[in-house]
Structure formats: C-alpha cells, structure tokens
Amino acid sequence: MLTTVLEKMPNNFWQLLEQNGWQQHFTSKEDKRAKIAIIRTYTDFDKAKFAHFPNLKLIIRAGTGYDNIDLTEAKKRAVTVCNTPNANAISAAEHTLAFIAAMLKQQQPGKQIIQNKKWRETAQNCWEFAELKVLIIGLGRVGSRTAKLLQSLGAQVKAYDPYLNKAQFEKKQVTSTELEFGLGWCNLLSFHTPLTSQTYHYFSAKLLQMLQCPFWLVNTSRGSVVDIAAIKLALEQNKLLGAALDVFPKEPFNMPDFMRADKIYLTPHLGAFTKNAKERMAEETLQVWQKFVFENKIISEVDPRFTFRKK
C-alpha cells in the first residue's frame with residue numbers, strides 16, 4: 001500500500017525501511033493515491049486534508065496525542081486511526097519527575113538567589129517527596145509510570161481516571177479517588193490525559209476553587225488541558241507553590257510576562273525528546289504499519305471516546 005510520510009521522522013525510521021526492503025511502499029510527497037498517511041504533531045487532518053487523500057485507509061499518528069485528527073471525519077470515511085502509545089511513556093514520566101524534583105528543591109529560584117549575590121538565608125524551604133500528596137489525573141501509561149516513581153520516593157499518590165474500573169486500579173497499585181475528594185486532599189496535581197472535549201481546560205478557574213491546599217501543578221500531557229489564565233489566577237490568589245509545563249495551547253509558545261516568575265518552570269515540549277523515545281516511536285510506527293499491510297491487523301487504534309477538534 002502506498003504510504004505518504006507527511007512529517008520528518010527519525011533517522012532509524014528510514015534505516016528500518018531499507019533493512020526490511022519496504023522503501024517502494026513509501027513516499028514523502030503528498031501523493032493523492034496514498035492509502036496510508038504517517039503524521040506527527042503539525043499536520044492537521046481536517047476535512048480538507050481527508051478530501052486530498054480520497055483513497056486513505058489508515059492514519060498513523062507517530063506519537064500519542066491525536067487531537068490534530070478529525071476522528072468524526074475519519075469514521076465517516078472508514079479511515080482507521082492509530083498512534084504509538086508506548087514510545088514516549090518512559091521519557092514523559094521521567095520528565096514529569098524531573099519537573100517535580102526541580103520545583104521541590106527550589107532549583108530555579110536558587111539560581112536567581114546566587115545571581116543576585118545572596119545566599120540561602122533568603123530562600124524558601126525545600127520540600128521532600130514524602131511531604132507530597134499527589135493527585136494523578138489520567139492513569140494511563142505515563143500516569144502509571146509517574147505514580148510508581150513518586151511512590152518509590154515516599155510520596156502519597158491517588159489517581160482519578162473515570163475510564164478505569166476497580167480491578168484496573170488494583171493492578172496498577174494506585175489508590176482510586178473521586179475528583180472532588182482528590183482535589184481537596186492533594187498538594188500536587190499532575191495531568192496525564194489526552195486532549196478531549198472533557199479535558200479541554202481541565203485545570204480552570206472552577207477547578208482552582210476546589211483545591212483546598214497550596215499546590216504544585218505539572219502538565220506534560222496536552223497543552224490545552226490547562227487554561228493558562230487559571231495559572232495567573234492561582235498566582236494572584238497565592239495558592240500556587242509552583243507550576244511546570246512542557247506543553248502549551250499553541251506551540252511555539254508566546255510566553256506572557258506573568259510566567260517569567262521563578263515558580264513557573266517551562267520546557268519546549270521535551271517530554272518525548274530523547275533519542276530512545278524517538279527510536280521507539282519509529283519502531284512502533286512501522287509495527288503498526290506492518291501489521292496493517294501484511295497481516296490485515298489493526299493495533300494501537302485510538303479510542304474514539306477521546307476525541308477533540310481544535311477550534
């Protein structure tokens with residue numbers, strides 16, 4: 001099946017094609033005859049894009065988030081949509097933990113103290129992991145790994161995920177909680193959800209009012225899960241101990257002035273930006289492709305419940 005690759009892929013993707021003798025199936029041109037399209041973050045598969053590829057049977061999103069694909073249109077056209085959900089789980093969980101450690105140990109304000117030619121007498125107390133009461137929102141691959149890492153360091157962890165049953169929580173060895181109770185209990189909130197109609201601006205002014213304790217906030221999932229205006233409000237209300245964001249509503253991110261504060265930690269979507277994660281993404285993409293083309297099997301199909309279209 002002719003496959004069009006619409007975005008840049010890691011080097012090992014092309015090496016694997018050559019090793020397996022699959023090059024004749026692939027093109028980097030937008031060939032309308034293509035039956036399979038491979039995309040990443042920046043291709044918006046809307047109605048016009050679907051119309052451009054009338055023979056399409058499969059879209060492979062090399063990565064996890066798929067809010068750049070119109071799943072309703074895909075269903076109308078009988079186009080299967082798959083992703084690579086395992087590729088970045090390790091690196092994203094580690095990035096989350098690194099954010100949390102940096103905030104607890106005051107690494108960013110600490111540098112500023114030295115730059116101002118002062119010393120630790122002017123610093124806030126650091127925290128230990130054992131002081132944390134963490135509410136994980138979304139206990140999927142990344143959320144589960146993050147929970148285990150935090151538990152191993154002594155943090156208390158609960159999770160809210162309405163798509164998991166009691167047995168699944170028990171298997172993951174994480175305590176389930178209702179959202180309202182978890183928000184009243186926690187002092188650190190970490191998001192690990194896809195972007196859907198339900199999770200758009202999940203962290204909002206409304207949710208902020210449900211948080212009872214001063215809190216830390218981490219988002220390494222999808223940018224629009226967090227309403228940036230709610231972070232500003234949390235700062236103004238002096239409820240925010242620190243916020244760490246790796247993803248943003250629009251990327252590259254045009255940072256507002258209030259996010260220059262020492263307690264705001266930002267990285268430019270680096271959660272999956274490791275050599276190993278990129279190589280796993282290429283391998284997983286081709287595994288999905290190979291199963292579909294040679295075995296007529298579908299693996300890693302996206303869940304149609306988790307659909308969202310950018311405005």
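Computed values, structure above
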read-out	value
Filter result for F306 (hydrophobic (A, V, I, L, M, F, W, C), within 22 Å of V81 (Cα to Cα) and not in a loop (DSSP other than H, G, I, E, B))	no
Residue in region 164-185 that is under 20 Å from F248 (Cα atoms) and touching a residue at least 40 places away in the same chain (Cβ under 8 Å) present	no
Any hit, region 258-270, residues being crowded, with 19+ Cβ neighbours inside 10 Å and not β-branched (V, I, T)	yes
Residue match in region 213-228 (condition: among the basic types (K, R), under 23 Å from L241 (Cα atoms), more than 15 Å from the chain's Cα centre (by Cα) and not in a strand (DSSP E or B))	no
Flag for S224 being modelled with pLDDT under 95, out of contact with any helix residue (DSSP H, G or I) (no Cβ under 9 Å at 6 or more places or on another chain) and either crowded, with 21+ Cβ neighbours inside 10 Å or assigned by TED's automatic domain parsing to the domain that holds H95 (or both)	no
Output for region 135-155, where each listed residue is at positive phi and surrounded by 19 or more Cβ atoms within 10 Å (Cβ to Cβ)	G138
A123 among the aliphatic types (A, V, I, L, M) and modelled with pLDDT of 95 or more	no
Given (1) modelled with pLDDT under 95; (2) in contact with an Asp or Glu (Cβ under 7 Å, 6 or more places away or on another chain); (3) basic (K, R), number of the condition R305 does not satisfy	(2)
Region 276-301: number of residues that are part of a loop (DSSP other than H, G, I, E, B) and buried (at least 21 other Cβ atoms within 10 Å of the Cβ)	0
Any chance L195 is farther than 22 Å from A130 by Cβ, surrounded by 23 or more Cβ atoms within 10 Å (Cβ to Cβ) and assigned by TED's automatic domain parsing to the domain that holds R145	yes
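The values are calculated or read from the model by the stated rules, or taken from the named source; none is laboratory data. In this text, all values refer to a predicted model and were calculated from it rather than measured experimentally. Note that each Cβ is placed from the backbone with ideal geometry, even for glycine, and that neighbours are counted across all protein chains shown.
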